[in-house]
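Below: one structure, written as structure tokens.
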Amino acid sequence: MIKLAKTAGFCYGVDRAVKLAETEAEKSGELYTLGPIIHNPHVVSDLESKGALVANNVSEIPENSRVVIRSHGLPKSDFDLLNQKNCKIIDATCPFVKKIHNVVQEYYEKGYTILVIGDESHPEVKGILGWCGEALVIADEDAVDLLKLGDKPLCVVSQTTFERKKWEKIKNKILKLGITCDIIDTICNATAKRQAEIEEIARKSDAVIVIGGRESSNTKRLAHVAKKHCEKVFLIECAEEIKNEDFSVYSSIGVTAGASTPACIIKEVIHMVEEKTTINFEEELENSKLANIGDTVKGTVIKISPTEVTVAIPYEKMDGIIPASEVTADPTADISTILSVGQEIEAFVYRKNDIEGYIGLSMRKLESLAGQKQLEEAYENGTPITAKIVEVVKGGVVAYAFGSKVFIPASQASERYTDDLNSLLGTDATFKIINYDRRRRKIVGSVKTLAVAARREKAEAFWATAEVGQKIKGVVKSVTNFGAFVDIGGVDGLVHVTELSWLHIKNPAEIVKPGDIMEVVILALDKENNKISLGHKSLEENPWTKVQEMIKLDDVIKCKIVRIVPFGAFAEIIPGVDGLIHISQIANRHIAKPEDVLSVGQEVEAKVVEANWDAQKIGLSIRALEEPVVQENVAEEVAVEEATEEVATEE
């Protein structure tokens, strides 16, 4: 068995650089590249034959020359020198490398210390360092302990071809330092994908062939990864190097190639291996069916970020990118809960961007295409649909159903019109499609249509069985200053404020709110006028019955002043039952106002001087518990008068 890695061969950045160099060479012959365009001697030699000469540094390049910047990129200082020489610059820097240049330059200017994870001698790393002034470079986790970091925050990036597992170890060790840092994963998706794929292939192979330039960093890493899982690994630049190897002794052979290895060299190696095996290996290589706009492709999720999903597509050299908005129409959704790394998915190809090197994919579009028939059938049959409200727009809301957006006008968004459409956002709505225009891609739904029909059906069922005295549970729909309206199944009934509770309440909102579940009893039914009177307090214990068991005439009780009026004060005996302390019973002396002696919230002792249970009246007296000061004063006055009379008689 022979297994060819799907990712073998040129990556997007290398392919772009080689094509730019070839195109420029064909235009007018001689041009220069600063260093080899890629790390593959065969490609470099071929380009030289077409007029693309390799210069080791800027000083070797004549003024007014045309210069192709290789995929590894260059330091900013080299760009400045080339501009001083009035050279025409054809920038073939890999877009992923260019992104790192922009990142380190931005962070360096903000005062960050830059740390690059990679090979300090590699041209890509040298180029990165040339965009950020002073920076640190390490290549393994042990070097983290040797870092000399000051007070500045840290920005961490990596060489695009760095080994993923080593990057994770270094990153985790840096995080444990407890310093302020921004760690930015800049390993190329293609590199990570190649390494993951050869790791899997090597585990199942007796031998592995890695094709690529020996100076190529990503090729060497592929060989390094393969050797961890397979004992026999061949690192070769061309087919000639394995012409004497007998591959028939291996039952399974894995093959991959570095990002700078052209297809022609891969084919030569394949021919060589094919001659020594009985398998037509080239057939697998040629079985590349590239995706086109409008196609449906299958792929594997290899990375998820908050804004997009990266997908590996078989036979494609470019990754597929699904923006978060093309995964789901719900802008609040966390796409990491919808998809997972390693998951096989299908998606619709809506664009191919050769310049930036990715294929635009959409799961929503695919879902939408598949759901069109379901939506049309739901419209024709009047079938209800349940979907989440994902957006509030002018004049209504938008629900996402079967991959398509359904507009629900504000007047149709609920049974009762609501001004606050935002309250519906994120909720599930059940609606009927009332307009379906495939040509204009216009779909309109109505929650109200279904809700009104369902309510009418419930109302008919209610009136058929309802009777006075019936107990039923309902939902509070609204609260007014005179009571609460309760939905008891398709119809609303009123619980008057006096029927809400035995307690004295000023406003029904003190004890109920919309959405509360309330048990009520039907007090009166008027089907002709569609009016229903409900009670609630009768279902609770009557506090007057309770207090009658607790106290009797002449008892002394503790109570709390809850209300003061000109003629006295009301004191709460138990919740729901108040007794009156008349102004004449507040003190054993004359008082002008009750508040001269009492205050709301004050706890007092009083004697029960009246208990009329039928009229629900209780009279209380504080004065009855005080000494008869008034009687003593009268006796003193009489004694004084008698003494005065005696004195007058004697005189």
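The values are calculated or read from the model by the stated rules, or taken from the named source; none is laboratory data. Model, not experiment: these values are computed from the prediction. Cβ placement follows ideal geometry from the backbone for every residue including glycine, while neighbour counts extend to all protein chains displayed.
For segment 534-565, taking the residues that are at pLDDT below 90 and part of a loop (DSSP other than H, G, I, E, B), the one that is surrounded by the fewest Cβ atoms within 10 Å (Cβ to Cβ) is identified as Glu541.
Residues in segment 523-533 that are out of contact with any Ser or Thr (no Cβ under 6 Å at 6 or more places or on another chain), of a type outside the set (Lys, Arg) and either free of Cβ contacts under 8 Å to residues at least 24 places away in the same chain or not in a loop (DSSP other than H, G, I, E, B) (or both): Leu525, Asp526, Glu528, Asn529, Ile532, Ser533. Restricting attention to segment 401-429 and to residues that are under 19 Å from Thr328 (Cα atoms) and charged (D, E, K, R), the residue that is surrounded by the fewest Cβ atoms within 10 Å (Cβ to Cβ) turns out to be Asp428. Based on what the data block shows, is Val116 at pLDDT 90 or above, in a helix (DSSP H, G or I) and under 17 Å from Cys181 (Cβ atoms)? Against the criterion (at pLDDT 90 or above, in a helix (DSSP H, G or I) and under 17 Å from Cys181 (Cβ atoms)), Val116 does not qualify. The set of residues in segment 172-203 being more than 26 Å from Gln105 (Cα to Cα) and touching a residue at least 40 places away in the same chain (Cβ under 8 Å) consists of Lys193, Arg194, Ala196, Glu197, Ile198, Ile201, Ala202. Return yes or no: is Gly579 surrounded by 18 or more Cβ atoms within 10 Å (Cβ to Cβ) and touching a Pro at 6+ places or on another chain (Cβ under 7 Å)? When the stated conditions are applied, Gly579 does not pass them.
For segment 405-522, no strands (runs of 3 or more DSSP E) sit wholly inside it while including 3 or more residues that are closer than 29 Å to Ile574 by Cα and under 31 Å from the mean Cα position of the chain (by Cα).
Filter segment 263-298 down to the residues that are of a type in the set (Lys, Arg), modelled with pLDDT of 75 or more, surrounded by 13 or more Cβ atoms within 10 Å (Cβ to Cβ) and farther than 27 Å from Lys19 by Cα and list them by number.
Of everything in segment 263-298, nothing turns out to be of a type in the set (Lys, Arg), modelled with pLDDT of 75 or more, surrounded by 13 or more Cβ atoms within 10 Å (Cβ to Cβ) and farther than 27 Å from Lys19 by Cα.
Might you check whether a residue that is at pLDDT 90 or above, among the charged types (D, E, K, R) and under 27 Å from Asn218 (Cβ atoms) occurs anywhere in segment 39-52? No, segment 39-52 has no match at all. Residues that are at pLDDT below 90 and of a type in the set (Phe, Trp, Tyr) within segment 483-524 comprise just one, Trp502. Every condition in (1) surrounded by 18 or more Cβ atoms within 10 Å (Cβ to Cβ); (2) at pLDDT 90 or above is met by Ala190 except one, and the failing one is (2). Contact map, segment 43-60: first residue touching a residue at least 12 places away in the same chain (Cβ under 8 Å) and charged (D, E, K, R), second residue surrounded by 11 or more Cβ atoms within 10 Å (Cβ to Cβ) and in a helix (DSSP H, G or I), Cβ cut-off under 6 Å, separation 6 or more or different chains; pairs are Lys50/Ala25.
Residues checked against (1) among the acidic types (Asp, Glu); (2) more than 25 Å from Ile2 (Cβ to Cβ):
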residue: Ala139; (1), (2): no, yes
residue: Asp145; (1), (2): yes, yes
residue: Val157; (1), (2): no, yes
residue: Asp182; (1), (2): yes, yes
residue: Glu197; (1), (2): yes, no
residue: Glu200; (1), (2): yes, no
residue: Leu222; (1), (2): no, no
residue: Val233; (1), (2): no, no
residue: Glu241; (1), (2): yes, no
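Residue count for segment 152-168, restricted to those that are over 16 Å from Lys303 (Cβ atoms) and of a type in the set (S, T, N, Q): 2. At least 2 residues being among the aliphatic types (A, V, I, L, M) is the threshold, and among the strands (runs of 3 or more DSSP E) wholly inside segment 165-262 those reaching it are 207-211, 232-236, 253-257.
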